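Each remark here refers to the structure printed beneath this line.
The values are calculated or read from the model by the stated rules, or taken from the named source; none is laboratory data. Fair warning: this is a prediction, and the values are worked out from it, not measured in the lab. With ideal geometry, Cβ positions are generated from the backbone for all residues, glycine too; neighbour counts draw on all protein chains shown. Protein only, heavy atoms only, side chains kept; ligands, DNA and RNA dropped before computing areas. Shrake-Rupley method; radii C 1.70, N 1.55, O 1.52, S 1.80 Å.
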Amino acid sequence: MDQRLLRLMLLGLLLVWGWLGPVFPVQAAPPPYVQAQLLSEVAAVQPGTPFWVGLQLQMTPGWHVYWQNPGDSGDRVRLDWQLPPGFTAGALQWPYPERLPVGPLMNFGYQNQVLLLTQITPPAHLRAGQTLDLPAKASWLVCKEDCIPEATSLRLSLPVAANAVLNPAVAAAFQQARRQHPQPAPWPVVYGVDGENLTLSLPIGRVQAAVFFPYADGVITYAAPQTLRSTAQTTELTLQRGYQADLTTVAGVVVLTTGQGSQAYTVAAQPGALPNRAENWGQILGLGFLGGLLLNVMPCVLPILSLKTLQLAEKTRQSARQVRLGGLCYGAGVLVSFLALAGGLLLLRGWGQQLGWGFQLQSPGMVLLLMAVLFLVGLNLSGVFTVGMGWTGAGQQLAARPGYAGEFFTGVLATVAATPCTAPFMATAIGAALTLPTGAALGVFASLGLGFALPYVGLCFVPGWRRWLPRPGAWMHTLPQLLAFPLYGAAAWLLWVLTLQTGTDGLAVGLTGLLLLGLAAWIYGYAQTHSGWRKVSIFSTLLIVGFCLTLPARLPDSQGVVAPTPAGMQATPTPVWEPFSPARLAELRRQGRPVFVNFTAAWCVSCQVNERLVLSQAAVQQAFRQRGITLLKADWTRRNPEITQVLQGFGRSGVPLYVLYPGGNQPPVVWPSRLSVAQVTELLSSQLGG
């Protein structure tokens with residue numbers, strides 16, 4: 001092109017621009033829709049000690065910014081530090097987002113305000129008195145109908161001090177942000193694929209709402225509805241699959257809303273079979289039967305069952321029909337008691353209560369009542385008093401007197417005494433039963449009762465088995481007196497449980513009750529051997545027992561505290577157990593540390609045996625320490641909805657439960673409920689090495 005022509009064209013363009021300039025003035029840049037600032041959790045930095053800072057974004061109403069996975073459109077918030085040498089900054093910590101529909105699209109992000117935290121680690125060579133200059137550049141995409149990219153340069157100036165000084169002005173904001181951070185799910189999660197549907201199965205019940213936010217794109221269709229199905233103990237969230245053809249781990253954040261509020265969990269769901277309760281019901285029934293059978297050898301039950309077995313040797317004068325009817329009455333007492341416990345448990349859970357096996361022993365009043373019954377049975381066996389035929393169905397003679405009513409109530413007493421114990425197979429059966437419809441769940445509890453009643457009922461129906469019993473003799477009058485002492489021991493143990501639940505005030509109430517019951521038993525027994533005192537003794541006994549019935553109302557509500565170590569004595573350094581909380585577990589898992597959680601209760605005999613004979617042993621504690629395992633104790637002695645919820649997540653409704661979290665992103669591992677020292681060290685070696 002001719003140079004002159006080119007110059008003329010450029011000159012013409014300039015003239016046109018000069019003429020149009022006044023008509024179309026240059027527009028000023030719009031004000032930012034997001035106000036950003038950096039906040040520091042500390043007012044002064046300690047050399048070498050990490051501290052937290054936050055990027056606070058304040059959005060104009062109606063506008064939003066985006067989560068780490070923005071959804072169908074958008075872009076996440078970014079924070080780029082220009083730190084001095086020796087400083088390091090961690091990744092942004094994202095609070096759980098909300099679903100933000102925009103036309104046919106679904107985005108994930110934040111409205112109004114959000115605080116994104118990150119941890120900064122300073123070098124150890126800093127000098128107290130110097131001032132740190134920490135610059136950063138933040139950028140984001142802010143959207144309403146339109147989207148506008150924004151960015152700004154930010155700066156923190158912080159002094160260095162010998163010790164870190166917290167900044168009280170921002171404490172509430174940081175605390176609120178951390179409450180919205182997802183915690184690692186304390187239970188395993190599986191998913192199943194059915195055509196275009198992907199279903200997450202979470203072992204937690206009573207969920208009112210649930211939302212899943214995937215980390216990766218293409219896992220689900222963002223705008224498709226998420227369908228919730230929640231029962232007493234499991235939750236299924238059905239999603240529409242995205243474009244990814246091959247799925248392995250489905251990772252993301254699930255936000256669950258229950259009666260206690262909303263809580264977010266990070267999950268890494270593995271492919272697995274979704275629960276099919278109808279197919280598994282027969283297996284659950286079998287586990288329940290075996291669990292009930294093994295429950296007979298638990299220390300809670302053995303003294304009572306031994307007494308009933310010895311009574312069979314005294315029934316040589318009874319007909320076979322009478323013996324069989326007695327066995328059936330005992331079995332009926334067991335079945336009625338198991339079904340009554342199951343019915344109460346299912347009813348209360350239907351009302352939203354977080355309960356499990358042994359729930360009645362979480363009530364100090366029930367512990368006091370059971371302690372009184374066992375103490376009175378022991379006094380009866382010791383010969384302090386006897387019970388006339390008019391009292392045949394009462395609790396005091398349940399393990400000592402003949403008669404069909406006595407057989408029935410022996411079954412009741414044996415069942416109540418068995419609730420502190422969890423036999424092998426039993427925990428799995430009960431946990432599964434509580435996810436079934438009411439009829440099927442009652443069937444599982446009935447199978448537990450049948451297994452529990454079988455040994456004694458079998459002795460009554462099969463005379464050949466009774467050949468193994470010792471021959472009758474004078475020893476049979478002495479042995480029941482000896483068997484009274486295990487019952488006294490059980491009463492003393494329940495008194496210890498009551499003290500842990502209610503403190504020394506509860507101990508005083510319990511001791512007063514035992515003293516008065518002992519006096520009532522002596523008065524009643526004295527009248528039985530001295531004529532003329534019967535009416536006075538009955539009146540006095542009823543008066544004392546009536547007063548004792550008011551004692552549960554006098555128990556304090558506050559939980560007892562552990563007594564301090566007496567002066568001059570050193571507390572044993574091992575085992576070192578921290579109290580369990582979901583927040584503490586989540587914190588340790590975020591740090592990648594291995595954690596062992598001991599779900600226990602003071603009234604759980606199996607728990608106490610494992611703790612004293614296995615978990616407190618020097619070899620086991622040394623194995624834990626060598627691997628850097630943090631020990632958490634989840635004490636379920638009194639009701640704790642958070643612990644109950646985690647138990648439900650593992651398909652359990654009672655204790656003991658032992659769970660090892662290996663560290664990192666590895667899923668938790670459930671250990672057997674019966675432990676030995678060799679078994680624990682072997683499990684640790686196989687699962688953590690070393």
TODO: Collect residues whose amide H, placed 1.01 Å from N in the peptide plane, falls under 5 Å from the amide H of residue 109; neighbours closer than 5 in sequence don't count.
DONE: 67, 98, 100
- [ ] Classify the stretch 139-224 as rounded, prolate or oblate, taking a ≥ b ≥ c as the square roots of the eigenvalues of its Cα gyration tensor: rounded when a/c is under 1.5, otherwise prolate if a/b is larger than b/c and oblate if not.
- [x] oblate
- [ ] Whole number please: convex hull volume per residue, Cα atoms of the stretch 567-688, in Å³.
- [x] 124 Å³
Task: Karplus 3J(HN,Hα) series, Hz, for the stretch 78-91 with 6.51 cos²θ - 1.76 cosθ + 1.60 (x for Gly, Pro) - done: 10, 9, 10, 8, 10, 7, x, x, x, 8, 10, 10, x, 6
Task: Accessible area per residue in Å² at 1.4 Å probe, computed on the stretch 184-271 - done: 40 Å²
Task: Cα shape, the stretch 184-271, gyration tensor, a/c 1.5 rule - done: prolate
Task: Karplus-derived HN-Hα couplings along the stretch 608-625 (A = 6.51, B = -1.76, C = 1.60, θ = phi - 60°), whole Hz, x at Gly and Pro - done: 5, 4, 4, 5, 7, 8, 10, 5, 8, 5, 4, 5, 5, 4, 5, 5, 5, 5
Open item on the list: Restricting the calculation to Cα positions, tell me the Rg (one decimal) and the Dmax (whole number) of the stretch 623-670 in Å.
Closed with: 12.2, 34
Open item on the list: Restricting to DSSP loop positions (anything but H, G, I, E, B) with no more than 14 other Cβ atoms inside 10 Å of their own Cβ, which GluC sites (Glu not before Pro) remain in the stretch 140-224?
Closed with: 145, 196
- [ ] List, in order, the whole-Hz ³J(HN,Hα) value for each residue of the stretch 636-645 obtained from phi through the Karplus relation with A = 6.51, B = -1.76, C = 1.60 and θ = phi - 60°; use x for Gly and Pro.
- [x] 9, 4, 10, 4, 9, x, 5, 5, 4, 5
TODO: Work out how far the C-alpha atoms of the stretch 68-131 reach from end to end along every principal axis, then list the three figures in whole Å, largest first.
DONE: 56, 19, 15
